[in-house]
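Colleague: So that we are looking at the same thing, I have put the structure below in C-alpha cells.
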Amino acid sequence: MTTRIDFASSDPAVRKALVALDAATRAGIDPSLAELIRIRASQLNGCAYCLHMHTSDARKAGESEERLALVAVWRDARNFFDEKEQAVLALTESVTLISQGGVPDDVYDRVAEHFDDHGIAQLIAQIFTINAWNRIGITTHLVPGVDNRSA
C-alpha cells in the first residue's frame, strides 16, 4: 500500500489547524493518559499508522510493554489500569464508536468522577482529534513506521 496523497502539503491550512487543535487538547491531559486515548481509538479505527506512532511515543515516555499489549482488552486486564484510566478508555470507546449507542450516562458519569467540566471537554476534544487523524491516516494510506508529523 502506498500513500494516496500527502495531506500536509495538499492542504497545509487544514493540517495546521488540526495540529493547533491537537496541541490545545493536550494542554491539560496527562501525557500517558493521552497516549492511551490515542492508542485505543487507533485500535478501534484500524489506523496502523497512528497506532504505530502512538505506541512508539508511549514507549519513549516510559509506558510498559505489558500495558501496551493489554490496551485493547483493558476490561479483562483491569488490574493494569487504574479507575481513572478505565473511565477514560470507556469514554474513548464510546466517543469513537458513537454510532453504536452514543455515550451512555454511566460512562460519562464515571469520567465525571475524575475530571471537572474543563477536563471532560479536553478529553472529548482529544478523542475526536485522534479520530480525525485516524481518518486522515486511513483515507490517505499513511505508511506505518514513517513519522510524518514534521511534514
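Colleague: Here are V107, V111, V73: which of them is more than 21 Å from H52 (Cα to Cα), hydrophobic (A, V, I, L, M, F, W, C) and without any contact (Cβ under 8 Å) to a residue 24 or more places away in the chain?
Modeller: Just one listed residue meets the conditions, V107.
Colleague: Just checking: which of the helices (runs of 4 or more DSSP H) contained wholly in the stretch 22-100 hold 1 or more residues that are open to solvent by 10 Å² or more (accessible area, probe 1.4 Å), under 19 Å from Q126 (Cβ atoms) and of a type in the set (F, W, Y)? Even if it seems obvious, please write down each step before you answer.
Modeller: On the way: elements: 31-45, 48-60, 65-70, 83-96.
The helices (runs of 4 or more DSSP H) meeting that bar are 48-60.
Colleague: Same structure, new question: Which condition number in (1) part of a helix (DSSP H, G or I); (2) of a type in the set (A, V, I, L, M); (3) open to solvent by 40 Å² or more (accessible area, probe 1.4 Å) is the one that V143 fails?
Modeller: The number of the failed condition is (1).
Colleague: In this structure, is V107 more than 15 Å from the chain's Cα centre (by Cα), within 24 Å of T140 (Cα to Cα), in a helix (DSSP H, G or I) and of a type in the set (V, I, T)? Full working, then the answer.
Modeller: Details: more than 15 Å from the chain's Cα centre (by Cα): yes; within 24 Å of T140 (Cα to Cα): no; in a helix (DSSP H, G or I): yes; of a type in the set (V, I, T): yes.
Taking the combined requirement at face value, the residue does not satisfy it.
Colleague: Continuing with the same structure: Mind listing whichever residues of the stretch 114-151 are of a type in the set (G, A, S), under 27 Å from A87 (Cα atoms) and free of Cβ contacts under 8 Å to residues at least 60 places away in the same chain? Walk me through how you get there before you give the answer.
Modeller: Applying the first criterion (of a type in the set (G, A, S)) to the stretch 114-151 yields 119, 121, 125, 132, 137, 145, 150-151.
Within this subset, residues satisfying the condition of being under 27 Å from A87 (Cα atoms) are 119, 121, 125, 132, 137.
The one that is of a type in the set (G, A, S), under 27 Å from A87 (Cα atoms) and free of Cβ contacts under 8 Å to residues at least 60 places away in the same chain: A121.
Colleague: Let me ask something else about it. Of everything in the stretch 110-125, what is open to solvent by less than 50 Å² (accessible area, probe 1.4 Å) and either outside any loop (DSSP other than H, G, I, E, B) or of a type in the set (S, T, N, Q) (or both)? Give them in sequence order.
Modeller: Filtering the stretch 110-125 for residues open to solvent by less than 50 Å² (accessible area, probe 1.4 Å) gives 111-112, 115, 119-120, 122-123, 125.
Listed by number, the residues that qualify are V111, A112, G119, I120, Q122, L123, A125.
The values are calculated or read from the model by the stated rules, or taken from the named source; none is laboratory data. All values reported here derive from a predicted model rather than from experimental measurement. Neighbour counts run over all protein chains shown; Cβ positions are idealised from the backbone, glycine included. When the accessible area is computed, the model is the full protein with side chains, heavy atoms only, and any ligands, DNA or RNA have been set aside. Shrake-Rupley method; radii C 1.70, N 1.55, O 1.52, S 1.80 Å.
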